[in-house]
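First up is the structure itself, then whatever we jot down about it.
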Amino acid sequence: MAKIITSLQNPTVKNVLLLGEKPRARKEQNRIVIEGLREIRLAILSGFKITDLFYTSALISDSDLHSLELQHNQVEPTEISAEVFNRMAYRNDSGGLIALAEPRRLLFSDLKLRIKPLLLVLETVEKPGNLGALLRTADAANLDAVIICDPQTDIYNPNAIRSGIGCIFTMPVVTSTSEDAIAWMKTMGIKMFGTALTATHFYHETNFDQPAAVIMGSEANGLSKTWLSGADDLIKIPMKGKIDSMNVSASAAIVIFEAMRQRNFG
C-alpha cells in the first residue's frame with residue numbers, strides 16, 4: 001500500500017510550499033505549481049509535462065483522478081492527508097489536487113500565426129490577478145498569442161494561474177522586452193494599436209480587420225514612451241463618467257471584442 005504523507009515537516013511538502021511562494025525557486029527548479037482538476041487537465045491537454053501530482057482522497061474522487069490519464073506523463077500520484085493538503089494549497093477550492101509541472105517558455109519563432117493574426121500585448125503587468133483576467137479574455141477571443149513585455153510578475157505565479165483558471169496553458173504566451181516585441185511585429189507586418197488617454201482616435205473607429213495587436217499599459221502608469229512612440233496608432237475608449245480609466249482587463253476586453261466584431265467573430 002502506498003504511503004500517505006501526513007507530516008507538515010516532510011521535505012516534499014516544504015518544497016511545494018517554497019515553489020508556490022518564491023519565483024526564484026520556480027526558476028531554479030524549472031517547476032511550477034498547478035492547483036485544481038480543471039487547471040491540471042488544461043495543462044496536460046496543452047502538452048505541459050506533469051512531474052508530480054499530490055491528492056487527498058477526502059476531496060477528489062477516484063474517477064476524477066483517473067480522468068487525468070497520468071500514465072502518459074508517467075506520473076505516480078502521491079496521496080497526502082487533508083491537513084497537509086490544506087497547508088500546501090494556495091487556494092481553498094482547489095479540489096484536492098496539486099501538481100508540479102515544467103514551465104513552457106515560448107519564443108517569437110515558436111508562434112504559429114494565422115494569416116490575419118490578432119494579438120494582445122501587455123507592458124509591465126504587475127498584478128498576477130490582472131494577468132490571469134487578461135489571459136481569460138485572450139482565451140475567450142481565441143487570440144493568436146499574448147506577448148508580455150518587461151513583466152513585473154512571474155507569469156506562472158499561482159495567483160495568475162488561479163485567476164486565469166488555467167488559461168496560461170491554453171494561450172501561446174511570449175515574454176520579451178518592449179523593443180524586441182516592436183521590432184518583431186514590424187517584421188511580421190502586424191499593426192500596433194496602443195491604448196492611451198492622450199489618443200485622438202476611439203477604439204470603435206479603428207480598423208482591426210488586418211494583422212493587429214492591442215497594446216495595454218500598466219494601470220498605474222499606462223504605456224511607456226517606448227510604446228507611445230513605437231505604436232502605429234494610439235486609441236482610447238470613450239469615458240463618460242467622473243473617472244478617466246478602467247481596470248486594464250476590462251479595457252482589454254472591450255477593445256479585443258470590438259476587433260472580434262469587426263472580424264465577424266471568425
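The values are calculated or read from the model by the stated rules, or taken from the named source; none is laboratory data. Note that the structure is a prediction, hence the values are computed from the model and not measured. In this analysis, Cβ positions are derived from the backbone assuming ideal geometry, glycine residues included, and neighbour counts consider all displayed protein chains.
What the table below lists for this structure:
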item: Criterion (surrounded by 15 or more Cβ atoms within 10 Å (Cβ to Cβ) and either outside any helix (DSSP H, G or I) or modelled with pLDDT under 95 (or both)) met by exactly one of ILE243, ILE182, ILE235, ILE168; result: ILE235
item: Within segment 193-220, tally of residues that are within 22 Å of the chain's Cα centre (by Cα) and outside any loop (DSSP other than H, G, I, E, B); result: 9
item: Residues satisfying the stated conditions in segment 212-251, i.e. closer than 24 Å to THR187 by Cα and in contact with a Leu (Cβ under 6 Å, 6 or more places away or on another chain); result: ALA212, ALA213, VAL214, MET216, GLY217
item: In segment 121-133, the residues that are of a type in the set (A, V, I, L, M, F, W, C) and closer than 19 Å to PRO23 by Cβ; result: LEU122, VAL125, LEU131
item: Total residues in segment 135-165, condition over 10 Å from the mean Cα position of the chain (by Cα) and part of a loop (DSSP other than H, G, I, E, B); result: 8
item: Residue count, segment 26-68 (criterion: surrounded by fewer than 16 Cβ atoms within 10 Å (Cβ to Cβ) and within 17 Å of ILE161 (Cα to Cα)); result: 7
item: Members of segment 46-78 found to be in contact (Cβ under 8 Å) with a residue 12 or more places away in the chain and not in a loop (DSSP other than H, G, I, E, B), listed by number; result: ILE50, THR51, ASP52, LEU53, PHE54, TYR55, ASP64, LEU65, LEU70, HIS72, ASN73, THR78
item: The lone exception for TRP184 - which of (1) in contact with a Ser or Thr (Cβ under 8 Å, 6 or more places away or on another chain); (2) under 22 Å from GLU39 (Cβ atoms) it fails; result: (2)
